[in-house]
Amino acid sequence: MKFSYNWLKEYIPKLPKPEMFREALSMRAFEVESIEKRSGDYILDIKPLNRVADTGGHMGMAHEIAAILNTVADRKTESSALAEFLKTRRLEPRRVLREILKNNKEAAKKLRGFGVVVEDYALCPRYMVARVDGVRMKGSPAWLKKHLEPLGINSINLLVDLANFIMFKTGQPTHVFDADKIKGNKIFVRQAKSEEYMTTLDEVECKLNNSMLIIADAAGPLAIAGVKGGNRAAVTNDTKNIIIESANFDGASVRKTAKTLKLATDAAQRFSQRLDPNIAEYAMGLLVRWILEYAGGKPKGFCDMYLKPQYPRKIAVRLEKIGSVLGEHISEAQFLDVMRRLDFKVSAVASPREIVVKLAQKLLGHPYYYGASVMYDAPNRFDCSSFVLYLFRQIGVEIPRMSFQQYFAGIPIADDDLAAGDLVFRSQKSPRPGIAGNRRTYGHVGIYIGNNKVIHAFSGRGAVVEETLSAFKKIAPYKGARRILGRENAIHFVVEVPTMRKDLMIEEDIIEEVGRIIGYDHIAPKPFAEAFPMPERNDAVIWRDKVRSLLVAAGFLETDSYNFIGSEDIKRFGGATSDYKELLNPTRPELAYLRRSAVSSLVQHIPRNYLGHSSVRFFEIGNVFLKEQIKRMSALQYDPGDMQKEMIAGAAWSDARNAFYLAKGAVSALFESAGIDDVWFDNKESAFPSYLHPYRSATIKVGDDAVGYIGSFHPAVQKLYDFKKGEAAVFEIDFAKFVDAAEAEIEYQAPSQYPAIVRDLAIIVPEETRVQEVEDLIENTAGPLLWKTDMFDLYEGEGIEIGKRSMAFHLVFQSYERTLRDEEVTISVAKIIKALESKGWEVRK
Amino acid sequence: MEELKKIRKHFEKKLKEIVDPKVLETLEVEYLGRKGKLTQILRSLKNRTGAERRKIGKAANELKERLERLFAVAKKDLETKHLERSLREERIDVTAPGHSMPVGGVHPLTKAAREVIDIFGRMGFAVAEGPEAETERYNFDALNIPADHPAREMWDTLWLKPERTNPKSMPAGLAGKIRNPKLLMRTHTSPVQIRFMETHRPPFKIISPGRVFRHEATDASHDIQFWQLEGLAIGREVSVANLKWTLESFFNQFFQPKAGELAVEIRLRPSYFPFTEPSFEVDMRGGDGDWMEIAGAGMVHPQVLRNCGIDPNLWQGFAFGMGIDRLAMLKYKIPDIRLFRENDIKFLKQFIGK
């Protein structure tokens, strides 16, 4: 937001040059994004974040700067305008306007013959209009233009300029209608109808819909609430009579409308951050006063639709909590000084529980009224929860309105621990229409006052009454006790914050005010004073690092890829987009779906990299997303984490045709190094992913469990990815299954004490015969004495008949019980040879 | 006796001439072998008479010893020479390249993340993890960012298409009444903290490193996917002072100023996040360099604790978040965040072993 240095200086005459307080502002309140010199002024671009409500105008910003620079104490450095602003800020709502217009009784009267209808106060908490007849339009005075120009606001006409001036001064946008162009004698604040249209001041036609709030007359829309005025009732140089609007609109609604219509106006920017309905009154007062002064005319009074006036919030603050959160002792004097600089009223409360109890006792006998308003009915009449809410509000402690909410806001305590000031709950005795579930179960609340006594606003007796706890429990099922006041009877302060400070709700908010105004640089870094338990070990982190080390040792480079894939790549991988979880708002079409395989990311890195290398190897440990897993969940237990699967993926490319064995070697080493010895490669599976070579692929299994796959990349798919040469092989292993297998309990097995006997066998088999098949046959016929089978040679070529290949194995025989005799090994080998030969394979002897 | 002299003379002469160890062996056979010249003389002694036999025998045995000694010396000498020669013949060009072995390496972000995990591990922080696709509740609502809150716009979100649920799978009476939760790619790793707090009792200290996602226009410092590091410490009296100590210790360990260089300094500026109160921007300055914004932090908002079933009257703590990509960019002087996910070998290989 833009602020003029000269303008700020009007409120703080001793304001130093911007570069002098830029740092202080950045360190204590807001980031100053830029300072720009413009026509004898400096324009500061300040980011007020969540504080637009109080610093969206020059006046509030000046007050903030004054508080930071601590000029508030020095009345001479503070202008009378700023003093007046602070004074009005302290006034009760509905008194502000009268105060500002106290010299003009006509203006402060009720407007006759003109009405406002607010359809939904949730969307428009406050709507004020004032009427002035017989204004004289003329050019804006030089001072007015001089204030607006540096902020980039062009002069339109006197009235519009004044309205803009008020917005930049107070932060509250206002609007001026030409009263004679309004049809009928009513203004409606209502939702637009679908297919309703409005043309804006700058002649843009907007199509409205029923999610948008508009200001309308009998003939249709006059303005889009909080966003932009329409041209039908715009003020012109011929305007005589005017209706001035100053209102408060719901932030979310304005933000949504401005976004839909793409109208990022100054007004929308402010309203969408939620403004204070009381500042609307201040702005209205000032605008009427200035219009009467500069454009003349006769005030006809005002109309104020303000159903739920907002009052300053009381917040309980404990000094020791401030010290504990900041980690630095804050003295009472320091705290009170900060509150003074911020112009917050502070009172001290010695024992909050006692005050609450005493107040409750004082209110005994007040009538019960279901749905009593805390704002209007208290302290005259109460229902059970408004009674409790009212009590706590008096000591600055805010709790929710309804009893079941109060139940959940409190800390559960046992009846044995009950202390005066705690709350007790029971179910509602007689059902009320529309009240069910928790609302009914925890439908009644009372306050415990010690000595086994409870005070509560009780419908059954029509008043605030005192009873014993056991009597309280008898009426309906007792639901237990809750504690609102966490720390016993500590002394605390009650800070009263003006309604403009919409950002201040709880104790921690006040702690932030203290911390930032004193300065976080005054907090010295300190190591933890308390003991923490030993941090839990994260096995996934450890295993991921082990896997990385092993694959790195095998020559693989780790990549980091996007989790996404595009429809083009899905097609290349032989998938259907319907199987992929889709993004609602992708940034690029090639990253529009969640990937189902990390290999789909890895292979894309190969063609970009292989030039000049004889082999490249990549791996990645990342997540894939299996959409179907989410469909299986019921709507009530819905965890998108269930569709996520972590994978160890690798891709090896080689300019020779040996990529599969490169990859397989790495995978075998990976499992072996992790101590998983029952891993094997199963080629029986018929349905390999279609991007794999059907005759160069295998399922990776540990025991009977499939944990991943390995395979050469399908030549047709490889072609699509523009690998001109060589072969790529890929693998993907389920990380969780890998870790499970690796973590299977290690139990030491002593090596056999007896010597082993090794026999070698060479077998000639047809080339399509798999090593696994031969090994299986050997192991299944050898009997228990065969300890292990190691293939040490696989050969085809010279000396071997074409279409056949030779496999050679070491057969290691060993026993745990005794030294083996040569003869028994010979018998076993003979059995193996017989079995091999029965397959028609030739065993070389 | 003459014969012995002759043998001696011939043997010594021949021994001097020999350069080939094989010839040496023949010489040994010729004189000292079973049928060798000297052996034959010794054998023929039995035909001689006593005195002669003693005299010649003594001389022959002396000669045998002498020849054997000479032979051993010559043999050793020859072997040494021969070994030297054959070693010279085996000479290779050691400047020629070795057999090519593929060299692998971890990604620079892994390297940075490992260091982060190690440093925080030494400070007693455990590592917590969670899903990358999340619900609106975990990513926003539980963090005190309701749907219509302007703060939602601080995180440009990649949303997932809503899933249609079969009405039959819904509990009776709820079909059509409950909408599936909105799914998204997590915009920060804060949901991990929420999930952790829901399932653990304080006190605890955790970090949650992981991939996060934003709907953003990419440039040298923005990407739609990157790594984030968040930290959370909840205890009885965890404070802003503890936060400052933790972050300052971390940055000094991570960036490791060299001896003589100034330590890394941090400072806190007020900021606003819905899930912390107070909230800070964290600036960092190495040595006498300029301040730069490096992290967001704050004291966990009591409502967030309450949302996770932790009593804010008893517990308080801090949270912080920063980009691991950015940490790595600063540490390794990488100018463009997009390089991390381009996966160019020339880029990746630079971090091997570092």
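Candidates B:Asn252, B:Asn242: the one that is at pLDDT below 95 and either part of a helix (DSSP H, G or I) or within 29 Å of B:Pro150 (Cα to Cα) (or both) is B:Asn252. Tell me, please, whether a residue that is closer than 22 Å to A:Ile518 by Cβ, away from chain B (no Cβ under 14 Å) and among the hydrophobic types (A, V, I, L, M, F, W, C) can be found in the stretch A:36-53. Within the stretch A:36-53, not a single residue is closer than 22 Å to A:Ile518 by Cβ, away from chain B (no Cβ under 14 Å) and among the hydrophobic types (A, V, I, L, M, F, W, C).
In the set (1) within 13 Å of chain A (Cβ to nearest Cβ); (2) assigned to a loop (DSSP other than H, G, I, E, B), B:Glu261 fails one condition alone, (1). In the stretch A:591-605, the residues that are of a type in the set (Lys, Arg) reach residues that are part of a strand (DSSP E or B) with C-beta atoms within less than 6 angstrom, at least six apart or across chains, in these pairs: A:Arg595/A:Ile565; A:Arg595/A:Val624; A:Arg596/A:Val624.
Listed here are the residues, each with its yes/no results for (1) within 7 Å of chain B (Cβ to nearest Cβ); (2) assigned to a loop (DSSP other than H, G, I, E, B).
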| site | (1), (2) |
| --- | --- |
| A:Asp560 | yes, yes |
| A:Lys571 | no, no |
| A:Glu590 | no, no |
| A:Arg596 | no, yes |
| A:Phe619 | no, no |
| A:Gln629 | no, no |
| A:Glu646 | no, no |
| A:Ala649 | no, no |
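I'd like to verify a number: residues in the stretch A:545-572 that are of a type in the set (Lys, Arg) and either closer than 23 Å to B:His107 by Cβ or outside the structural domain of A:Ala649 (by TED's automatic domain parsing) (or both), how many? Talk me through it step by step, then tell me what you get.
Quick first cut of the stretch A:545-572, residues of a type in the set (Lys, Arg) only: A:546, A:548, A:571-572.
From what is left, the residues that are either closer than 23 Å to B:His107 by Cβ or outside the structural domain of A:Ala649 (by TED's automatic domain parsing) (or both) are A:546, A:548.
Residues in the stretch A:545-572 being of a type in the set (Lys, Arg) and either closer than 23 Å to B:His107 by Cβ or outside the structural domain of A:Ala649 (by TED's automatic domain parsing) (or both): 2 in total.
The residue that is farthest from the chain's Cα centre (by Cα), among those in the stretch A:598-617 that are in a loop (DSSP other than H, G, I, E, B) and of a type in the set (A, V, I, L, M), is A:Leu611.
Determine, yes or no, whether B:Ala72 is surrounded by fewer than 18 Cβ atoms within 10 Å (Cβ to Cβ), under 30 Å from B:Lys14 (Cβ atoms), away from chain A (no Cβ under 14 Å) and among the aliphatic types (A, V, I, L, M).
Working: surrounded by fewer than 18 Cβ atoms within 10 Å (Cβ to Cβ): yes; under 30 Å from B:Lys14 (Cβ atoms): yes; away from chain A (no Cβ under 14 Å): yes; among the aliphatic types (A, V, I, L, M): yes.
Considered against the rule, which asks whether it is surrounded by fewer than 18 Cβ atoms within 10 Å (Cβ to Cβ), under 30 Å from B:Lys14 (Cβ atoms), away from chain A (no Cβ under 14 Å) and among the aliphatic types (A, V, I, L, M), B:Ala72 comes out as yes.
Close Cβ contacts (under 8 Å, 6 or more residues apart or on different chains) running from residues in the stretch A:456-468 that are farther than 16 Å from A:Gln428 by Cα to residues that are among the charged types (D, E, K, R) and surrounded by 18 or more Cβ atoms within 10 Å (Cβ to Cβ) comprise A:Glu466/A:Lys453; A:Glu467/A:Lys453; A:Thr468/A:Lys453.
Residue-by-condition table, conditions (1) within 11 Å of chain A (Cβ to nearest Cβ); (2) touching a residue at least 40 places away in the same chain (Cβ under 8 Å); (3) within 23 Å of B:Ala113 (Cβ to Cβ):
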| site | (1), (2), (3) |
| --- | --- |
| B:Leu268 | yes, no, no |
| B:Tyr272 | yes, yes, no |
| B:Thr276 | yes, yes, no |
| B:Ser279 | yes, no, no |
| B:Gly296 | no, no, yes |
| B:Trp315 | yes, yes, no |
| B:Lys331 | no, yes, yes |
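Residues checked against (1) of a type outside the set (A, V, I, L, M, F, W, C); (2) closer than 17 Å to A:Leu123 by Cβ:
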| position | (1), (2) |
| --- | --- |
| A:Thr239 | yes, no |
| A:Ala252 | no, yes |
| A:Pro277 | yes, yes |
| A:Leu287 | no, no |
| A:Pro299 | yes, no |
| A:Arg313 | yes, no |
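Could you grab me the full set of residues in the stretch A:573-584 that are over 30 Å from B:Ala112 (Cα atoms) and facing chain B (nearest Cβ under 7 Å)? Don't jump to the end; show me each part of the working.
As a first pass, look at the stretch A:573-584 and keep what is over 30 Å from B:Ala112 (Cα atoms): A:573-582, A:584.
The answer is A:Lys581, A:Glu582, A:Leu584.
Residues checked against (1) of a type in the set (Asp, Glu); (2) outside any helix (DSSP H, G or I); (3) at pLDDT 95 or above; (4) closer than 21 Å to A:Pro299 by Cα:
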site	(1), (2), (3), (4)
A:Tyr127	no, yes, yes, yes
A:Lys138	no, yes, no, yes
A:Trp143	no, no, no, no
A:Glu149	yes, no, no, no
A:Asn154	no, yes, no, no
A:Asn164	no, no, yes, yes
A:Lys169	no, no, yes, no
A:Val176	no, yes, yes, yes
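Annotation for the stretch B:78-100: no member residue is surrounded by 17 or more Cβ atoms within 10 Å (Cβ to Cβ), within 7 Å of chain A (Cβ to nearest Cβ) and out of contact with any strand residue (DSSP E or B) (no Cβ under 9 Å at 6 or more places or on another chain). If you filter the stretch A:503-552 down to residues that are touching a residue at least 60 places away in the same chain (Cβ under 8 Å), under 24 Å from B:Gly353 (Cα atoms) and at the interface with chain B (Cβ under 7 Å from one of its Cβ atoms), you find that the one that is surrounded by the most Cβ atoms within 10 Å (Cβ to Cβ) is A:Leu551.
Look at the stretch A:325-344: where a residue is without any contact (Cβ under 8 Å) to a residue 40 or more places away in the chain and a partner is in a helix (DSSP H, G or I), sitting 6+ places away or on another chain with Cβ atoms under 7 Å, you get A:His329/A:Gly323; A:Glu332/A:Leu319. Selection within the stretch B:112-127: residues that are assigned to a helix (DSSP H, G or I) and among the aliphatic types (A, V, I, L, M). The member of this set that is farthest from B:Phe213 (Cα to Cα) is B:Ile119.
Restricting attention to the stretch A:200-217 and to residues that are assigned to a strand (DSSP E or B) and surrounded by fewer than 14 Cβ atoms within 10 Å (Cβ to Cβ), the residue that is farthest from the chain's Cα centre (by Cα) turns out to be A:Glu205. Contact map, the stretch B:13-33: residues that are in contact (Cβ under 8 Å) with a residue 40 or more places away in the chain paired with residues that are surrounded by fewer than 13 Cβ atoms within 10 Å (Cβ to Cβ) and of a type in the set (Asp, Glu), Cβ distance under 7 Å, separation 6+ or inter-chain. Pairs shown: B:Pro21/B:Glu79. Quick one: which of A:Ser26, A:Ser34 is outside the structural domain of A:Ala264 (by TED's automatic domain parsing), of a type in the set (Gly, Ala, Ser) and within 22 Å of A:Pro150 (Cα to Cα)? Of A:Ser26, A:Ser34, the one residue that is outside the structural domain of A:Ala264 (by TED's automatic domain parsing), of a type in the set (Gly, Ala, Ser) and within 22 Å of A:Pro150 (Cα to Cα) is A:Ser34.
Taking A:Ile764 as the residue in question, decide whether it is at pLDDT 90 or above, of a type outside the set (Asp, Glu) and surrounded by 15 or more Cβ atoms within 10 Å (Cβ to Cβ).
Values: at pLDDT 90 or above: yes; of a type outside the set (Asp, Glu): yes; surrounded by 15 or more Cβ atoms within 10 Å (Cβ to Cβ): yes.
It is true that A:Ile764 is at pLDDT 90 or above, of a type outside the set (Asp, Glu) and surrounded by 15 or more Cβ atoms within 10 Å (Cβ to Cβ).
Quick check on A:Ser752: is it over 23 Å from A:Phe681 (Cα atoms), surrounded by 13 or more Cβ atoms within 10 Å (Cβ to Cβ) and of a type outside the set (A, V, I, L, M)? Yes.
Taken across the stretch B:85-96, residues that are among the acidic types (Asp, Glu) and either in contact with a Cys (Cβ under 8 Å, 6 or more places away or on another chain) or not in a helix (DSSP H, G or I) (or both) do occur, with at least one present. Candidates in the stretch B:128-156 are the residues that are facing chain A (nearest Cβ under 8 Å), at pLDDT 90 or above and assigned to a loop (DSSP other than H, G, I, E, B); of these, the one that is surrounded by the fewest Cβ atoms within 10 Å (Cβ to Cβ) is B:Glu129.
Yes or no, residue by residue, for (1) over 23 Å from A:Leu151 (Cβ atoms); (2) surrounded by 24 or more Cβ atoms within 10 Å (Cβ to Cβ):
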| residue | (1), (2) |
| --- | --- |
| A:Asp238 | yes, no |
| A:Lys256 | yes, no |
| A:Asp266 | no, no |
| A:Ser272 | no, yes |
| A:Trp290 | no, no |
| A:Lys321 | yes, no |
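The values are calculated or read from the model by the stated rules, or taken from the named source; none is laboratory data. Only a predicted model underlies this, so the values are computations on that prediction, with no experimental measurement involved. No Cβ is skipped: glycine too gets one built from the backbone with ideal geometry, and neighbour counts run over all protein chains shown.
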